[in-house]
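Scroll down for the structure; my scribbles are underneath it.
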Amino acid sequence: MSKSPEQLRAMALSGTISIPPRFPELATISFEKCDDGTYPMLVVAHQKLSPKLSIKRTFFPSDVKSLFVPKSPTDVDFDKGEWFEGIQLGQKAQLMLDRTKVEGILFVRESGQSLLEMEAGMTAAESAEFYPPLPEDRSVNHYNMDPPGNTAGCH
């Protein structure tokens, strides 16, 4: 029994997260060669959220399940645009490699690895207060219910 493209897309999108995470926001999507040759290609989603804040997320292609490119970047509608999945996504990536960028939405495996880079213009005081998750933060290992400093696992 054959499945419709919509059924296959629904199956491919299960277990994914959209990048950018808020609909109908779009990111500038590019496929880039890895500088040191360790990986043949990386997928990059760049969002300029304001004149003083931008976020860039990089993924391995094997974690990207789908790319949606809307017909209109000002009227994003999942029924109006192009979907790239499976072999078609690989072909699109090869065509775009190090040349073309598109405005779109990536669907990435929830457990896929990513590199998050942020650029933010802020005051010296704001930057002194800002810090990423540190090794002892619960956000790094939210299953660790031990109080800070307790290495024996006893409460």
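The values are calculated or read from the model by the stated rules, or taken from the named source; none is laboratory data. All figures in this text were calculated on a predicted structure; none of them were measured in a lab. Here the Cβ positions follow ideal geometry from the backbone for every residue, glycine too, while neighbour counts run over all protein chains shown. With ligands, DNA and RNA removed, areas are computed over all heavy atoms of the protein, side chains included. Shrake-Rupley method; radii C 1.70, N 1.55, O 1.52, S 1.80 Å.
Among the listed pairs Lys56/Lys92; Lys65/Lys92; Lys48/Lys71; Lys48/Lys80, a Cα-Cα separation exceeding 18 Å is found for Lys56/Lys92; Lys48/Lys71; Lys48/Lys80. For region 53-61, the Karplus equation 6.51 cos²θ - 1.76 cosθ + 1.60, evaluated at θ = phi - 60°, returns couplings of 9, 9, 10, 10, 10, 10, 9, 7, x Hz by residue, with Gly and Pro reported as x. Charge tally for Met11 (other residues, Cβ to Cβ under 13 Å; Lys, Arg +1; Asp, Glu -1): +1.
Provide the net charge surrounding Val108, with neighbours chosen by a C-beta distance below 11 Å and charges set as Lys +1, Arg +1, Asp -1, Glu -1. So the environment of Val108 carries a net charge of +1. A simple spin-label model places pseudo-atoms 7 Å from Cα toward Cβ; at Ala10 and Leu115 they are separated by 3.8 nm. Test of understanding: what is the full-extension gain from His46 to Val69, defined as 0.36 nm times their sequence separation minus their Cα-Cα distance? Value of the extension gain: 6.8 nm. Taking label positions 7 Å along the Cα-Cβ direction at both Lys33 and Leu95, the computed distance is 2.1 nm, reported to one decimal.
For region 20-118, relative contact order (Cα pairs under 8 Å, six or more residues apart, normalised by length) works out to 35 percent.
Full extension of the chain segment joining Lys3 with Asp77 gains 24.3 nm, where the gain is 0.36 nm per residue of separation less the Cα-Cα distance. Computed from Cα positions, the angle between helix 86-96 and the longest principal axis of the chain comes to roughly 90 degrees.
What the chain shows is 70 Å² of accessible area per residue, with the surface traced by a 1.4 Å probe over protein heavy atoms. Carbon-plus-sulfur accessible fraction, the chain (probe radius 1.4 Å, protein heavy atoms only): 56%.
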